[in-house]
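Input: a single structure, listed below in structure tokens.
The values are calculated or read from the model by the stated rules, or taken from the named source; none is laboratory data. Computed from a prediction, not measured in an experiment: that's the story for all the values here. All Cβ positions, glycine included, derive from the backbone under ideal geometry; neighbour counts span all protein chains shown. Remember, those area values only see protein heavy atoms, side chains included, never the ligands or the DNA or RNA. Shrake-Rupley method; radii C 1.70, N 1.55, O 1.52, S 1.80 Å.
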Amino acid sequence: MDHSKWTAEDYKNAIQSLRRQGKWTKTRAKMPKMLRVQYAAPLHTLIEPELTFLMGWTGHSGNAHYGKLGKLLGAEMLGVGPESLGKGYSVLALDGGWHNSQDERWPGRRFFWMMRPALAQALEELSMVERAIAEPELEPEFGELLPNVDSISYPEGATRQVTVNVYERNPAARKACIRHHGEICKVCGLDMKQFYGSISDGFIHVHHLKPLSEIGAGYTVNPQTDLVPVCPNCHAMLHRLTPPLTVEQLREMIQEAH
């Protein structure tokens, strides 16, 4: 069964059909809320204990309820009985695989559910969720401000107005990068929290291996392969040249210098 061929329209039609039949909300599993919880997670990706916790359940209830929802939705799209679908989660999510969880509440290797893009689109078009909007960081990082040709300047000593284009970052991608790679600098190995103490808790830069200035508006960032955590000093050094140095090049420079 190739779930990748299902479109947002397929999911929308199935959800609307279940609504008409009264099967969508009259369940103990609270299906709409489960999908909203997953949609709101970074990259629409979560693990079972996280879903169980956010839904207010106990034990491993998330596995059972998530699977039942997948089977119910898949059965509606295929016109078959739920019992014939096997693993119901695959109707709702891509196989994110097993990874080490960076959440201290649920450490160890966990299986990640990544919501299917067509399902996420269907939820948006049905106004069941609030569409996520990428927000720029408050302080743009090195090398990622491009002057606009329409900049306006005034005589020396007066106010000078400069208009710039700031390439947007998706905060969810940043969180997912840190969750996957951790908070230790990939260049020099600095552990900010160990070096500075609690004041640096959660403070780390995220470096785009492909400069944002080369990325188009429709580019989808993979936080595991496109992003790496780096300390502020190494981030500045990576952007000392154009194009930026690679992580490996800067690491070699540090080794040669010492």
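Screening residue 131 against (1) open to solvent by 60 Å² or more (accessible area, probe 1.4 Å); (2) modelled with pLDDT of 90 or more leaves a single unmet condition, (2). Scanning segment 102-116 for residues that are surrounded by fewer than 17 Cβ atoms within 10 Å (Cβ to Cβ) and not basic (Lys, Arg) yields a count of 7.
If the requirement is being over 21 Å from residue 5 (Cα atoms), open to solvent by less than 10 Å² (accessible area, probe 1.4 Å), touching a strand residue (DSSP E or B) at 6+ places or on another chain (Cβ under 9 Å) and in a helix (DSSP H, G or I), which of these qualifies: 51, 119, 35?
On the way: 119 fails: over 21 Å from residue 5 (Cα atoms); 35 fails: over 21 Å from residue 5 (Cα atoms).
Testing whether each residue is over 21 Å from residue 5 (Cα atoms), open to solvent by less than 10 Å² (accessible area, probe 1.4 Å), touching a strand residue (DSSP E or B) at 6+ places or on another chain (Cβ under 9 Å) and in a helix (DSSP H, G or I) leaves just 51.
One residue stands out among those in segment 14-32 that are open to solvent by 80 Å² or more (accessible area, probe 1.4 Å) and polar (S, T, N, Q): the one that is modelled with the lowest pLDDT, which is 25.
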